[in-house]
Amino acid sequence: MSNMKDIAKKAQVSVATVSKVLNGTGNISEETTRKILEIAEELNYHPNLYARNLKTGSSRTIGILAEDLTVFNTPPVIDGIGACCEEKGYRYLLENLRINTLGIDPDNDKDRYSEIKNNAVSHMSSMQVDGIIYLGCHSHRVVPSIFENNIPFVCAYCISPSLAIPSVLYDDQHAAYEAVSLLIKKGHKKIATITGKVSSVHTRWRLTGYQESLYDHNIPYNPGYVINGDWSRDSGYSATKKLIRQHVTAIFSHNDEMAMGVIDACNDAGIQVGKDIALIGFDNRELSTVCRPTLTTVEPPLFDIGYKSAEGLISKIEHKEDILRGEVRLPCRIIERDST
């Protein structure tokens, strides 16, 4: 591997001159600069980043600790982080904790989860990254550890363990409010909802938004119109069988997967979704565009969560204004399709 001495020897200049050209410092003539850069390219020179890090005290690299890369929401968030890093001249290291694949529930398996998470934070810190983004599978509260105090830290798609560590999420509650308000605007009053798991904060936030929208539009809340699911297509199917008997005219499903079960159950009962009953899902998964009818759904700002997290972290690293404080909740958008 070539180094600055090799370039200096071939260019017949000092190592100091080569260093100034490659680092963009000093007043070096245009002719010498061009010559050095051409030789560096010819010799396939790559800087020793570790040596540069030691000298500058910065690696211009951030770490991403993803709870699980197999969860559908993770890749778009990482894409947003990458886009921000590219714009600002940073790179990132990525580690997959495989929390979901290993069947670890952060809320119920706290000891095992804490061990995996803390080991990962410690290891990433040892890689001399300038800061860390912790990317959750869902919006649970991250367990605290001593390591977050030693390095700039941002939580994405999860809730931080401390007010000093910012979190970037989306606003489930307002998104649910808007989804139900859309159904009301279209003339529906018998609006049911199929929730996710009762233990999920997403379920609680979306159910609150559902209730608030009914209240603000003077529609009585009917507990019988609320059926608990478990995020699966089968739970959406069984919940819809119960709701059909209550003659509801619209359903707000807490995710697109359960909404597919709604369509299945309605098809079996001879009910046309989009004509006899309206349906809104949540997540804007790929399946929402290929089902029939196509599904009106809520799209979370996953890319924006990643971008905003990286932007805030880099701002903190570079000692600029702290642009992220506490919990930052980004708005979702509703994509209207044939099911409403």
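The values are calculated or read from the model by the stated rules, or taken from the named source; none is laboratory data. Keep in mind that this is a model prediction, so the values were computed, not measured. All Cβ positions, glycine included, derive from the backbone under ideal geometry; neighbour counts span all protein chains shown. Protein only, heavy atoms only, side chains kept; ligands, DNA and RNA dropped before computing areas. Shrake-Rupley method; radii C 1.70, N 1.55, O 1.52, S 1.80 Å.
From the coordinates of this entry, log10 I(q)/I(0) by the Debye sum over Cα atoms at q = 0.09, 0.10 Å⁻¹ is computed, and it appears in [x] -0.60, -0.69; [y] -0.52, -0.63; [z] -0.44, -0.55 under the label [x].
Among K185/K275; K117/K308; K190/K241, which pairs are too far apart, with a Cα-Cα distance over 19 Å?
Values: K185/K275 16 Å; K117/K308 22 Å; K190/K241 16 Å.
Listed pairs above 19 Å: K117/K308.
Kindly express, to the nearest 10 degrees and within the range 0 to 90, the angle between helix 302-317's C-alpha long axis and the longest C-alpha principal axis of the chain. So the inclination is approximately 40 degrees.
Calculate what fraction, in whole %, of the accessible area of the stretch 4-47 sits on carbon and sulfur atoms when a 1.4 Å probe is rolled over the protein chains. If you can, show how the numbers build up before the last one.
Values: 1470 of 3100 Å².
Reported share for carbon and sulfur atoms: 47 percent.
Under 5 Å from the amide H of A156 lie the amide H atoms of Y134, L135, G136, V168, each residue being 5 or more positions distant or on a separate chain, with H modelled from the backbone and absent for Pro and chain starts. The H on the amide N of Y92, modeled in the peptide plane, is under 5 Å from the matching H of I62, each at least 5 residues off or on a different chain. What the pair-distance distribution of the stretch 276-335 shows, using all Cα-Cα distances binned every 5 Å from zero, is 4, 16, 20, 15, 12, 9, 9, 7, 5, 2, 1, 0 percent. Dipole orientation for the chain: of the candidates G82, G209, P301, G209 has the Cα lying most toward the positive pole (charges on Cβ; Lys, Arg +1; Asp, Glu -1). The 3J(HN,Hα) values that the Karplus relation (6.51, -1.76, 1.60; θ = phi - 60°) gives for the stretch 202-214 are, in residue order, 4, 4, 5, 5, 5, 5, 4, x, 4, 5, 5, 5, 4 Hz. Gly and Pro appear as x.
A cut-off of 5 Å between modelled amide H atoms, ignoring neighbours fewer than 5 places along the same chain, links K190 with T249.
Roughly speaking, to the nearest percent, how much of the stretch 172-299's 1.4 Å accessible area is carbon and sulfur?
Working: 2730 of 5620 Å².
That fraction is 49 percent.
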